[in-house]
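Quick notes on the structure that follows.
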Amino acid sequence: MPIERDLRGKRFFITGATGFLGTALVERILRSVPEAQITVLVRPGRRADAAARLAREVIKNDCFDRLRAELGDGFADEMANRVRAVPGDVGRDGLGLDDAGRAALADADVVIHSAATVSFDAPLTQAVEINLLGPSRVAAAVAEVGSGAHLIAVSTAYVASTHQGEAKEELLSENRFTLDVPWEDEVSSARRLRADLQAESRKPERLREFTKKARSDIGAAGEHLIAARAEKVREDWVSEELVKAGTARALSLGWPDAYPFTKALGERALVEQWEGRVPITIVRPSIIESALAEPRPGWIRGFRMAEPIIISYARGLLREFPGVPEGIVDVIPVDLVVAAILAVAARGPEPGRPKVYQVASGVRNPLRYGRLVELSTDFFQRNPLYDDRGQPINVPEWSFPGRGRVQRQLRRADTVMTFAEKLLTALPIRGKQAQLAARIEDRHAMAKRALGYVELYGAYTETDARYRVDHLIELWDACDDDDHHRFEFDPAAIDWDRYVHEIHLPSVLEHTRVRTKPGKSVVDKRPDRQRRAILSPDRHLAVFDLEHTLMSSNVVDTYAWLASRHLSPSRRARFVADLVRQGPSLLALDRRDRGDFLQSFYRRFEDAPIEQLREDSWELFHRQLLTRSFPDGFARVRAHRALGHRTLLITGALDFIIEPIRPLFDDIVCAEMGTRDGRLTGHLTKLPPIGEARALLLADYADEHALSLDESVAYADSASDLAMLEAVGFPVAVNPESRLSAIARRRGWHVEHWAKAQGGSHRPLPLGPFDVKAPKAVMGR
């Protein structure tokens, strides 16, 4: 059965080409099957149509490097002549095909359906629409266009669940261990559940809960951003509930999660509806991992099941994982799966009932879980990863505890760190102190990831199922020597020690951002690269917040200094004590609504003499603000101006207070207060933009001066400035408070830690006789 000869010139229609298996399949056909034509079904994205996604996500992938080198300058023409994309979606009835798509499907000789939601924790309705109904939708489309094409449906060996014993290559209706579940009921139930959860998520009490969570996450960032965050929290809640429902339903029927559960029902639906009407073959791989040889040893696309666990172990983060040392980790290299699919396509459909081929290693060439741990330990002892200080990370001796014990330990850790995160977020800490909160958040994320790995993958490491490959080996034996050389798919060919040590683990490290060499990295650190981008001549605008961004001061500090400037010592003491008592309520108001806080607090300036305040503000600047300033911050302002960038200061401070630094900026937006008979009224005539209003002001400012916000930089310290930071292409968190520190860390924003000026007076109030000019209160209190 010469595979190349039997497939030469065939027309393939493939779903799932942008995935791991699909990409490898397209490349292998183009490289190994002369004159074959390929049409791939690709769901258009928001910013890219089907053809653009094919070019960007498939053809440009490093999977094609070998073919690109072989064809040289002719590569682009070869791709244009032999592979094309049509828009469509297996999640829709009729696949959403246009006329070109239907014509391509009608012209196809072989249809390979590899599209799937492969996540083990996908929401139930998503898994149902793609994994359960997808194969039947493809078969219906094949029947509708009357192509007579051979449909090869890619499933998973785990449709046979994880029961003990051998699972044969047979239809699920013939497997006495698999429950006969009416798939139609599961579809309607999942859709009804989604509708119920959507309705539940919109109840007033739920909406209040989501809004509260949003405020906790981003603070006083503005009502629009809080509303947007609350809606995201609501959507995530619905999705998480659907994940829980899918896992619970799968477990109740003997599957570990929604992925094999919906794939199993997808097989049943396909065979029940289309057996005898469409030629069908089912291919069931086990866990697909990096390539053994084709297109090159170790090729992989994205992390599969094992990689997150392996890397967490190598970094010393995952010290134990449930499993049975004697258990089998049934993995299969991706190129063996591709070769098996092409051999099935070359043989064609079998007469009678649809035939099943399992592509698995557990029976013919088992890899024991204990052996995989030994190989991984040996590899990372010889090739350790290195921590941030350039020191080698010693991998732990991995024990094999029960899944329940590990889950209980990780859940306790999750509870403790959740409490610690909430506590630190509530404290008024910032800058390097807030990094403690970020470190706890990191550790919390690691613990949650580890718990997720245990809950998702624990059952797979404890299974004693054996997936037989009799049909696969019959197919292998029917191939000639040339096929054996060019299209390897016999699992016995894998040398596990060599595969793990020389192929798979080196490939995992190649695709992971981890340190594999000691000492200081010779590669530029990310902050240095970000700083160079921020100070590029290509930037247009640099906008700065003031408080805790350019100086360690705030409106309460400046008011306290000015209000007590001319008080006697006794009155100053009473004034300070009163202000301290009001501190918690002022902080609460500021966090709740910055605009309300400013308007309320600034009324304390009522009846203050404006000329005296202007004079005192210069004294304030020299005696207090200058000593609390961040020299690196003002140096950054000057650096932007030297590069020709426009500079803008946006602050809630009053205009006469920031007058000394006005020459540093092209423009300043600040608070202004009305006057009457030479005294302040206590009412603002110009309220500075707060929260989202800052983003709107930036948009108008950029339009007015023909600037691009995508090429602009914003500096701020608080989550209340989130809208302003999100509005620009280069956000910078300066001495961030804990909420913004966490946000910046998650989003990869640049962070600066600027220190106060050294030397000088650091008195918060003008104490001492040399500071007293007159025995009266400037504020008229």
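The values are calculated or read from the model by the stated rules, or taken from the named source; none is laboratory data. Everything numeric in this text was worked out from a predicted model, so none of it was measured. Neighbour counts run over all protein chains shown; Cβ positions are idealised from the backbone, glycine included. Side chains included, ligands, DNA and RNA excluded: accessible areas come from the protein's heavy atoms. Shrake-Rupley method; radii C 1.70, N 1.55, O 1.52, S 1.80 Å.
Observations on the model:
- Per-residue extension of 0.36 nm, minus the Cα-Cα distance of Val324 and Glu35, leaves a gain of 99.2 nm for this segment.
- Between helix 334-347 and the chain there is an angle of about 40 degrees, using the helix long axis and the longest principal axis of the Cα atoms.
- Given charges at Cβ of Lys, Arg, Asp, Glu: the chain dipole, positive-most of Leu722, Phe12, Leu649: Leu649
- Cα-based helix-to-principal-axis angle, 134-145 vs the chain, degrees rounded to 10: 60
- In nm, spacing of pseudo-spin labels at Glu606 and Gln273 (7 Å Cα→C-beta vector): 7.3
- FRET E, pair Glu397, Asp470, Förster distance 41 Å, beta-carbon r, rounded to 0.05: 0.55
- Potential extension, Leu664-Arg614 segment - 0.36 nm per residue separation minus Cα distance: 16.1 nm
- Probe 1.4 Å, protein heavy atoms only - accessible area per residue of the chain in square angstrom: 44
- Given R0 = 35 Å, the distance between the Cβ atoms of Ser252 and Asn365 translates into a calculated FRET efficiency of 0.55.
- Between Ala293 and Asp93, the contour length at 0.36 nm per residue exceeds the Cα-Cα span by 68.2 nm.
- Cα extents of the stretch 1-150 along the three principal axes, largest first (Å): 44, 32, 30
- For the chain, a simple Cβ point-charge model (Lys and Arg +1, Asp and Glu -1, everything else neutral) yields a dipole of about 3580 debye relative to the Cα centre.
- Point-charge dipole on Cβ atoms (K/R +1, D/E -1) for the stretch 558-681, about Cα centre, debye to 20: 440
- With each label modelled as a point 7 angstrom along the Cα→C-beta vector, the Asp538-Glu205 pair spans 5.3 nm.
- Between Lys756 and Leu687, the modelled labels are 3.1 nm apart [label points 7 Å from Cα along Cα→Cβ].
- On Cα atoms only, tilt of 692-704 relative to the major axis of the chain in degrees: 90
- Leading residue at positive end of dipole, the stretch 1-122 (Cβ point charges), from Ala108, Ala69, Leu54: Leu54
- Nearest-0.05 FRET efficiency for Arg638 and Ser585, computed from C-beta distance (R0 51 Å): 0.85
- Here the chain was treated as a single set of alpha-carbon atoms; its pair distances binned every 10 Å from 0 give 2, 11, 18, 19, 17, 13, 9, 6, 3, 1, 0 percent.
- Amide H partners (placed H, <5 Å) of Trp299, local residues excluded: Ala291
- The chain, accessible surface, carbon-and-sulfur percent (1.4 angstrom probe): 50
- Rounded to whole numbers, the Karplus 3J(HN,Hα) couplings from phi for the stretch 606-620 are 4, 6, 6, x, 5, 5, 4, 5, 4, 5, 5, 5, 5, 5, 4 Hz, using 6.51 cos²θ - 1.76 cosθ + 1.60 with θ = phi - 60°, and x at Gly and Pro.
- Listed pairs Lys263/Lys525; Lys60/Lys263; Lys232/Lys756 exceeding 32 Å between Cα atoms: Lys263/Lys525; Lys232/Lys756
- When the chain is described by a simple charge dipole with +1 on each Lys and Arg Cβ and -1 on each Asp and Glu Cβ, the residue from Ala141, Leu124, Val734 located farthest towards its positive end is Val734.
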